[in-house]
Amino acid sequence: MLTLISFLVTLGILIAVHEYGHYRVAVACGIKVLKFSIGFGKPIFTWRLKGKDTDFSIGMLPLGGYVKMLDEREAPVDPAERHLAFNTQPLKSRAAVVAAGPLANLLLAVLLYAVVNWSGVQEPKAILATPVAGSLAERAGLSGGEIVQKAAFDGEELQTVRSFEDLRWRLTQGALDGRDLQLVLGDDASASTRTVVLPLSKLNAADADAQLFRKIGIVGPWTAPVIGEVMVASAAENSGLKAGDVVQRIGDISIVDGQQLRETIRAHAQSPGASQGAVVPQPWQVMRAGQSVALQVAPEIRQENNVAVARIGAYVGAPPEFVTVRYGPLDGLWQGAVRTWEVSALTLKMMGKMLIGEASLKNLSGPLTIADYAGKSATMGWTSYLVFLALVSVSLGVLNLLPLPVLDGGHLMYYLWEWITGRGVSDAWMDRLQRGGVAILLGMMSIALFNDVARLVG
């Protein structure tokens with residue numbers, strides 16, 4: 001139920017802001033607005049503000065909205081009101097009305113990011129876990145436990161890394177841009193620092209997902225190698241593991257953090273007998289209530305998406321150390337604008353890479369994924385939900401600015417043609433372009449929906 005409510009609230013806010021952008025600029029340009037609708041289909045609720053000519057309504061299908069303006073191309077217009085029609089307005093006014101919707105979504109994202117910055121958010125501290133074996137991070141000399149203090153791309157000034165999420169964002173940017181990232185590392189015990197360079201330019205960032213971070217080698221923040229809640233009748237319980245046990249050694253491997261512990265457990269899936277679902281028990285040494293305890297643990301092997309996966313049936317790793325990231329009034333607003341710009345640029349780069357085949361179409365997400373993330377972010381707290389809402393608002397704004405005929409960006413392309421040539425696009429070409437735009441958009445929606453189903457089923 002929370003997922004459904006969060007999804008509907010997300011759609012309602014984003015659609016209302018987008019359409020209000022169109023509406024507000026249309027009214028400012030002296031255009032008569034006949035109807036403002038959130039949703040399509042039969043209206044559930046309709047009202048009209050006192051002294052206004054616009055009917056406001058909420059439709060049954062909440063997957064979009066529209067602003068209907070007086071327009072001679074859609075219906076006959078009283079000569080006395082012809083100056084109020086959209087099609088009679090100067091080019092700059094029509095372009096402003098069309099661009100106002102996507103820009104309203106981008107401005108909403110700036111405000112949402114700013115609110116989060118002002119209120120402060122708890123994020124994991126930028127302490128590195130043990131890097132994935134054979135990854136860029138391991139080859140660069142990282143071993144785990146380092147605190148990332150500053151970072152910069154080649155040729156840029158070093159900037160403070162406030163949290164692990166801040167670092168993850170920089171890693172994503174560097175991987176997609178093919179830019180190496182310089183990290184200044186330190187620890188809490190001394191003032192000394194050292195510098196390493198992650199050669200992200202060597203990555204093939206076709207999939208901007210968890211596998212990308214595994215290639216980099218930085219999957220999550222440092223956590224203590226502690227066993228959390230143990231499931232009933234699981235491999236962990238059968239082996240004698242208890243919540244609160246600190247794992248010190250598995251076989252000949254010294255365990256230093258939760259990430260290494262998870263990787264060591266996963267490695268059992270490649271051990272002899274794993275293909276038949278059997279694993280030879282390994283000696284574990286754990287610290288329990290100040291006493292060293294020796295156990296024999298054999299993870300269970302399960303098939304997930306036709307891949308063998310080793311599980312022990314317990315939460316692995318303690319929660320990471322958190323820091324509060326908060327900005328002042330002006331800094332918070334500026335950082336909100338910067339993050340909106342960065343997310344917009346990253347979204348366009350990803351779309352461009354998908355278009356030329358350098359990134360997988362699996363990165364496209366549709367309504368089911370949005371609904372899933374809406375529910376998950378809502379359960380994590382209001383700041384997480386606001387960040388999610390800002391991200392989707394940026395995506396909606398950028399998507400609508402794409403030069404596809406059925407989108408706002410397509411109409412802006414028409415106006416660019418009119419500005420260059422002095423005449424509008426002919427009706428015949430308009431019809432062809434609209435049909436092509438609908439076909440492209442339906443194709444994108446079909447791929448996104450297929451990806452949604454694949455993610456949920458998988």
**OP:** Quick one: Debye curve from the alpha-carbon atoms of the stretch 142-256 only, equal weights, vacuum; give me log10 I(q)/I(0) at q = 0.10, 0.14, 0.22 Å⁻¹ to two decimals.
**Re:** -0.43, -0.73, -1.19
Subject >> Whole-percent pair-distance distribution, where bins are 10 Å wide, for the alpha carbons of the stretch 1-91 >> reply: 16, 42, 30, 9, 3, 0
Original post:
Angle between the Cα long axis of helix 91-119 and the longest principal axis of the chain, 0 to 90 degrees, nearest 10?
Top reply: 30 degrees
**OP:** Take every Cα pair under 8 Å in the chain that's 6+ residues apart, average their separations, divide by the length, and report that relative contact order as a whole percent.
**Re:** 17 percent
Original post:
What lysines sit close enough to Lys349 to cross-link, taking a C-alpha to C-alpha distance under 19 Å and skipping anything fewer than 8 places away on the same chain?
Top reply: Lys202, Lys362
Original post:
Summing -39500 (n - 2.57) over the DSSP H runs of n ≥ 4 in the chain and dividing by its residue number, what mean residue ellipticity at 222 nm do you reach, to the nearest 500 deg cm²/dmol?
Top reply: -14500 deg cm²/dmol
Original post:
What does the charge add up to near Gly317, with Lys and Arg as +1, Asp and Glu as -1, over the other residues with Cβ less than 15 Å from its Cβ?
Top reply: -1
Original post:
Any idea what the dipole of the chain comes to, in debye rounded to 20, about its Cα centre with Lys/Arg Cβ at +1 and Asp/Glu Cβ at -1?
Top reply: 600 debye
Original post:
Say the dipole of the chain comes from +1 at the beta carbon of Lys and Arg and -1 at that of Asp and Glu; which of Leu441, Gly409, Trp429 then lies farthest toward its positive end?
Top reply: Trp429
Original post:
Any idea how many Lys pairs in the stretch 1-144 come in under 26 angstrom at the alpha carbon, given 8 or more places apart or on separate chains?
Top reply: 16
Subject >> Equivalent-ellipsoid semi-axes of the chain, from the Cα gyration tensor, Å, largest first >> reply: 51, 24, 21
Subject >> Three-way shape call for the stretch 126-199 based on the alpha-carbon gyration tensor, with the a/c threshold at 1.5 >> reply: oblate
Subject >> In degrees, nearest ten, helix 382-400 long axis to first principal axis of the chain (Cα) >> reply: 50 degrees
**OP:** Have a look at Leu107, Ser239, Val148 and report the one farthest towards the positive end of the charge dipole of the chain, computed about the Cα centre with Cβ charges (Lys/Arg +1, Asp/Glu -1).
**Re:** Leu107
Subject >> Cα-centred dipole magnitude for the stretch 90-201, charges only on beta-carbon of K, R (+1) and D, E (-1), debye, nearest 20 >> reply: 480 debye
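Quick check: at a probe of 1.4 Å, how many percent of the accessible area of the chain sits on carbon and sulfur atoms?
Ligands and nucleic acids excluded, carbon and sulfur give 61 percent.
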**OP:** Add +1 for every Lys or Arg and -1 for every Asp or Glu among the other residues with Cβ under 11 Å from the Cβ of Pro283, and state the total.
**Re:** 0
Original post:
Tally Lys and Arg at +1 and Asp and Glu at -1 over the other residues with C-beta under 13 Å from the C-beta of His18: what net charge comes out?
Top reply: -1
Subject >> Accessible solvent surface per residue of the stretch 93-190, calculated while the other protein chains remain in place, 1.4 angstrom probe, Å² >> reply: 39 Å²
Subject >> Ranked by how many other beta carbons lie within 10 Å on average, peptides 160-171, 14-25 from highest >> reply: 14-25, 160-171
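The values are calculated or read from the model by the stated rules, or taken from the named source; none is laboratory data. What you see is a predicted model; the values in this text were computed from it and never measured. Virtual Cβ from ideal backbone geometry, glycine too; neighbours counted across all protein chains shown. With ligands, DNA and RNA removed, areas are computed over all heavy atoms of the protein, side chains included. Shrake-Rupley method; radii C 1.70, N 1.55, O 1.52, S 1.80 Å.
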